[in-house]
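Just so it is clear, none of the values below were taken in a lab; they were calculated from the coordinates. Predicted, not measured: the structure shown is a model, and the values here were computed from it. So basically every Cβ, Gly included, is an ideal-geometry build from the backbone, and we count neighbours across all protein chains shown.
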Amino acid sequence: MITLFKALVKLHIITPVGLCHLLTSFYKEGITLMAVLRFTTKYYSDQCAIVSENQRYTYKEIYAASKKIAHCLFHIHGIRKNMKVGILSRNHIVSSLLIPALSRLGVHLYLLNTDMGAEKMSSLLLKIQLDFLVYDDDLKQNCLPRTLECKSVTTNVLGTQFPNLDSKADLPRIGRGGRISVLTGGSSGQYKEASRNTGVIQFLPPFFALLKDIKIQDYKSVFLALPFYHGFGLGVLIIAMVMGKKICMTRRFDTEEALDVISAEEVEVLPIVPAMLSRIWQTDNSSSRMKSVKCIICGGDRLDKKWVDETKQRVGSVLFNLYGTSEAGFFMLATPSDLEKHTETTLGRPISGVLCDVRDVNDEGVGVLWVKSKWAMIDAKNQWQSTGDRVFKDKEGFYFHRGIAKNMVVCGGENVFPESVEQVINLHPEVINSKVYPVENERFGMVLHANVELKKDSMLKENDLKEWLSSKVSRPEMPHQINFGSVGLLSTGKRTK
């Protein structure tokens, strides 16, 4: 508690003057992300807020620009409270300003997946019935239908409209911002909406966990390659703004570009997904280019033990593992010492304010993880919900991943889980990543195939890998065919289906 108290004082959140400024921000801007930005600007006005595409912006500049964008959207484009507004955009300065600006206008904000094709996007837009859409020009051809049923503007046009706008006219006063919705299921292609209100109280437990266990307040800069439409990326953006951090961002994850930014800006905090981390460690001179990094926060996908060990060897005990779902949010944390003392990667233990339960447990102690939290999406707040993940819980309360329940495949009459086979394949010293999937088979009904990405210059053959696997997986789990090549990644860093 003492550590948490000191952190909140350091961030001006619980000092008398800080509380006064916070309440003033809520009064002026409503309970919105714009209020958060106003509060932060009070203390970090001239400090660097965003580094994007070789340009730098202070907190004073991004707060003023966000206000101008809000005025532009309200007075020129007719955006009003409770409208449904979508953003289809990569990470750049305009898209980062749009989020607080639209929150200030009280709209219901939809952060759309840039990996979604035009056909699925058309169906989604028909279902949501957006009133307005803001999008990047270069995403139109692949992601949007030919005809839009709602009003729209590109980020390029908006970027030319707001800088010279006279924003002296008042914006309407609102009590709180609208919902913020992201889409889950991008890696499977089955998209589902997860919405949350723009509140404060319900997000305190995960925020406190970042302060107490990760000590995120002690660092000055963060690199953000995770897209805003992903819950992890959006959370990083908001929390970094609350704390007045320097946020370095790129439109998409490219290993060389990421390492260049990390090195040049002396980035200290790296939120990342496991596949991105594995690619960094396969890049030349990555250790020297990562020497400024003091905290790596991994989440969004399964973290293999080999990358825990590799990270410790390269940059020390700096790796944290976060576990959660888009629906339930972040609710489990493993510290570097937690990760290093176990022979397999642990998901950690639940943070304060979360209830977890393992149900339908089999003879091996593996069952489906259920969770209840105050910061879950609107329809599941304070309700038990299944994560769909199969887990094992040890005597100390640490959880370990054992596959995804819905991905169970019956191969020759046996139940197998592709994720469990991936974990074993990834243990091979020459493997970077793998994707295991079911294929129909006349004899066995279904069998497993695998796509395997090898380290550079590896000469590993299919039969060699199968022989290595033979003592580690059961006969039904053995892939009938192994293909070598790059494992495709979505813009979130997750592997494609």
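Between T58 and A49, the built amide H atoms are under 5 Å apart, and every one of these is 5 or more places off in sequence or on another chain.
For segment 1-31 and segment 71-146, write down the distance between their C-alpha centroids in whole Å. Between the Cα centres of segment 1-31 and segment 71-146 lies a distance of 31 Å. Taken along its principal axes, the alpha carbon cloud of the chain reaches lengths of 72, 56, 46 Å, longest axis first. Computed from Cα positions, the angle between helix 118-128 and the longest principal axis of the chain comes to roughly 60 degrees. For G403, nonlocal amide neighbours, meaning residues 5 or more places apart or on other chains whose placed amide H falls under 5 Å from its own, are R390. Taking other C-beta atoms within 10 angstrom as a stand-in for reagent exposure, Y59, Y437, Y44, Y229 fall in the order Y437, Y44, Y59, Y229, fewest first.
Taking the Cβ of each residue in T496, T160, T250 as the centre, tally the other Cβ atoms inside 10 Å and list the residues starting with the fewest. Write out the running numbers ahead of the final one.
Details: T496 14, T160 10, T250 19.
Ascending Cβ contact count within 10 Å gives the list T160, T496, T250.
3J(HN,Hα) along segment 209-216: 5, 5, 6, 6, 8, 9, 6, 4 Hz, from the Karplus curve 6.51 cos²θ - 1.76 cosθ + 1.60 with θ = phi - 60°, whole Hz, x for Gly and Pro.
In percent, rounded to a whole number, the relative contact order of segment 201-406 is 14, using alpha-carbon pairs under 8 Å and six or more apart.
The length gained on full extension between K81 and E440, counted as 0.36 nm times the residue separation minus their Cα-Cα distance, comes to 124.2 nm.
Under Stokes-Einstein, with the Kirkwood radius over Cα pairs standing in for Rh, what whole-number D in µm²/s applies to segment 201-406 at 37 °C and 0.692 mPa s?
On the way: Rh = 17.5 Å.
The Stokes-Einstein estimate is 187 µm²/s.
Based on the Stokes-Einstein relation at 25 °C and a viscosity of 0.890 mPa s, and on the Kirkwood radius from alpha carbon pairs, segment 2-197 is assigned a translational diffusion coefficient of 138 µm²/s.
Taking every C-alpha pair closer than 8 Å and separated by at least 6 residues, the mean separation divided by the residue count of segment 408-484 gives a relative contact order of 33 percent.
Give me D389, D138, D363, D166 ranked fewest to most by other Cβ atoms within 10 Å of their Cβ, as a rough exposure proxy.
Details: D389 21, D138 14, D363 5, D166 8.
If I rank by nearby Cβ atoms, fewest first, I get D363, D166, D138, D389.
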